[in-house]
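Only the coordinates and a few stated rules stand behind these numbers; no lab work does. No experiment lies behind these values; they were computed from the predicted model shown. When we count neighbours, we look across all protein chains shown, and the Cβ atoms used for this are built from the backbone with ideal geometry, even at glycine.
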C-alpha cells in the first residue's frame, strides 16, 4: 500500500528534519547511502510515470519509521513538498499519515509557520493499482473542520440555524404588544399557537445544535477523516488501529 500527501509551507529544511526526527522517521543510515538509494528506487514504482524524472531530480529526504517500519520519501516538486509512504499494512499507513499531518500542524502553530495541504484527498492505493481503497480528508484548520462538519451534519446544522431564526420570529410575534385585543378570539387563538410553538422550536433547535457541535468538537481528535473510496463522505471510517 502507498500513500501521497502534498503540501506547501515556509518550513526550512532543518524544520522538516526536526519533525521527522521527532517522529522517529529519520533513518539511522546516511541519506546518500546505498540503503537510502534502495528506498528511492522502490518509491519510484509508486510515482506517476510522467513525474519520475522530476522525482529523481528533486531535493528529497528518505524516511524510515522505527515504529511502524513505514518507509518513503519527502521530495520538493513543483514548489510543493510531496510525501510518499509505503507499508503493506493499511492500518499502519493510515496511522502514519495522520501522525505526520498532526506533527506538521502542531509544529507550524508553535513556530508560527505557514502550512497548506493539497485539497485533494489523501489516497491509500494498493501497489501496482490505480484505484484507491481509502481516501482521507485533511482537516488542517478550524475552517476545514467547520466546513467538513457542515457537510457531514448538514441536517442538524440547518435545523439549528433555521430553528434559531424561527425562535426569534416567534418571540417577536408573542411579545405582549399594545395592539393585542383580548376580546378578539381569532387573534388570541393565533397568539396561543405561536406561544406553544416557542418551546418546541427552542428544544428542537438546541438538540440539533448540540448534535452538530458534538460532532464538530470530535473532529479535533483526528487530523484526517477517512472514508471508503467511491462512497459518500458520510460513510466515514475510523483509523483501523
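Give me the percent of Cα-Cα pairs in the range 2-140 that sit more than 28 Å apart, rounded to a whole number.
On the way: 917 of 9591 pairs.
Here the tail beyond 28 Å accounts for 10 percent of pairs.
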Checklist entry - In degrees from 0 to 90, rounded to the nearest 10, what is the angle of the helix 185-218 Cα long axis to the longest principal axis of the chain? => result 10
Checklist outcome for this item: Given all pairs of distinct Cα atoms, the chain yields a Kirkwood Rh in Å of 21.2
Checklist entry - Relative to the first principal axis of the alpha-carbon coordinates of the chain, what is the inclination of helix 34-44, with its axis defined by its Cα atoms, in degrees from 0 to 90 and to the nearest 10? => result 50
Checklist entry - By how many degrees, between 0 and 90 and to the nearest 10, does the Cα long axis of helix 90-111 differ from the longest principal axis of the chain? => result 80
Checklist entry - How do 184-194, 40-50 rank on mean C-beta neighbours within 10 Å, highest first? => result 40-50, 184-194
Checklist outcome for this item: Computed over the chain, the relative contact order (Cα-Cα under 8 Å, seq sep at least six) in percent reads 21
Checklist entry - Is it possible to state the helix-based mean residue ellipticity at 222 nm for the chain, with each DSSP H run of 4+ residues giving -39500 (n - 2.57), the sum divided by total residues, to the nearest 500 deg cm²/dmol? What is it? => result -15500 deg cm²/dmol
Checklist entry - Using mean Cβ contacts within 10 Å as the protection proxy, how do 219-227, 81-89 order, highest first? => result 81-89, 219-227
